[in-house]
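Working notes, beginning with the structure itself.
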Amino acid sequence: MKSEVFELLSGLLKRRSGLVLPKDKAYLLETRLTPIGRKYGFPGLEELARHIRSEMPEEILTQITEIMTTNETSFFRDRRPFDQFSKVVLPGMMQARAGRVRIWNAGCSSGQEPYSLCLSIRESGEAMSGWTFDINGTDISSEMLNKARAGLYTQFEVQRGLPIRTLIRHFRKVEEKWQIDSSLRSMVTFRQHNLLNSAEDLGQFDIVFCRNVLIYFDQATKAQVLDGIADRLADDGILFLGAAETVLGVSNRFVPVPGQRGMYHLAGRTPALAGG
């Protein structure tokens, strides 16, 4: 791939999504964008790049952004955050709130993570009775959001991290796929949102999951995204990040929760935690 083509396409991704694509990942552009180019009659990325440079067609730009920002996900990924959510965070929130907890899953992809939160709540049993859990899943990709809304997954997808007992109890077979129960689907509102933009219209949240998203951004963009999350988080709220992510050296608005890896709270505030 010519350097000018890589610079054009990687720069486009950076501006539209915050995604930073290093040169050693140029092959991802080739494999993911070549089919889009052929769909519009361009035999290679050079021809596609030439068309983008001259026309800037929004339809193609949107498809490029969405396909390049589709990230890895699975049910109960890395398990520990969901144990922390059930045993440490939810009990604390339920002590501090009056019947309602709002959760934002930023970068929800195809829905496995917000549905894992729903399953965690449902599996907690009678302790959750009478409570409303308002879960909001956002992503930049309309294709992923449509899949999330359907709650329909392949055998391979449900086998990754989902206990068989949970599968049988909360999913039904639809031809060759599995669909999560409608009562769980109704717990989540999915909407399109770019983390580079203001999230003011989403409202305020008690808990934010933004896991394995910041790893794709440069330092300045990470700080921008964390600022946006801080603006939407309740004073005693909790932020979950991925195992390879941190706020240290990136943002002074968050500090780690002592003894709880991957959990952060607003600096100078006291988080609502079990036993707190």
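The values are calculated or read from the model by the stated rules, or taken from the named source; none is laboratory data. Every value quoted in this text rests on a predicted model; they were computed, and no experiment measured them. Here the Cβ is made from the backbone with ideal geometry for all residues, glycine too, and neighbour counts use every protein chain on show. To get the accessible areas, we keep the full protein, side chains included, count just its heavy atoms, and leave off ligands, DNA and RNA. Shrake-Rupley method; radii C 1.70, N 1.55, O 1.52, S 1.80 Å.
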Restricting attention to region 110-129, which residues are under 10 Å from the mean Cα position of the chain (by Cα) and open to solvent by less than 10 Å² (accessible area, probe 1.4 Å)?
S110, G111, Q112, P114
Within region 235-276, which residues are free of Cβ contacts under 8 Å to residues at least 60 places away in the same chain, of a type outside the set (F, W, Y), assigned to a strand (DSSP E or B) and surrounded by 21 or more Cβ atoms within 10 Å (Cβ to Cβ)?
G237, L239, H265
Does region 177-223 hold any residues that are aliphatic (A, V, I, L, M) and either part of a strand (DSSP E or B) or within 11 Å of the chain's Cα centre (by Cα) (or both), and which are they?
I180, V188, L195, I207, V208, V213, L214
Only one of S141, S129 is more than 16 Å from S186 (Cβ to Cβ) and free of Cβ contacts under 8 Å to residues at least 24 places away in the same chain. Can you tell me which?
S129
Do any helices (runs of 4 or more DSSP H) lying entirely in region 7-99 carry at least 1 residues that are under 30 Å from F240 (Cβ atoms), touching a residue at least 24 places away in the same chain (Cβ under 8 Å) and open to solvent by less than 20 Å² (accessible area, probe 1.4 Å), and which ones are they?
58-68, 80-84, 90-96
Restricting attention to region 95-126, and to residues there that are in contact with a helix residue (DSSP H, G or I) (Cβ under 8 Å, 6 or more places away or on another chain) and farther than 24 Å from N212 by Cα, which single residue is modelled with the highest pLDDT?
R122
Restricting attention to region 190-202, report how many residues are open to solvent by less than 70 Å² (accessible area, probe 1.4 Å) and of a type in the set (S, T, Y).
0
Filter result (open to solvent by 40 Å² or more (accessible area, probe 1.4 Å) and in a strand (DSSP E or B)) within region 130-173
T132, L152, R172, K173
Quick one: in region 62-94, of everything that is out of contact with any strand residue (DSSP E or B) (no Cβ under 6 Å at 6 or more places or on another chain) and aliphatic (A, V, I, L, M), which residue is nearest to N212 (Cα to Cα)?
M68
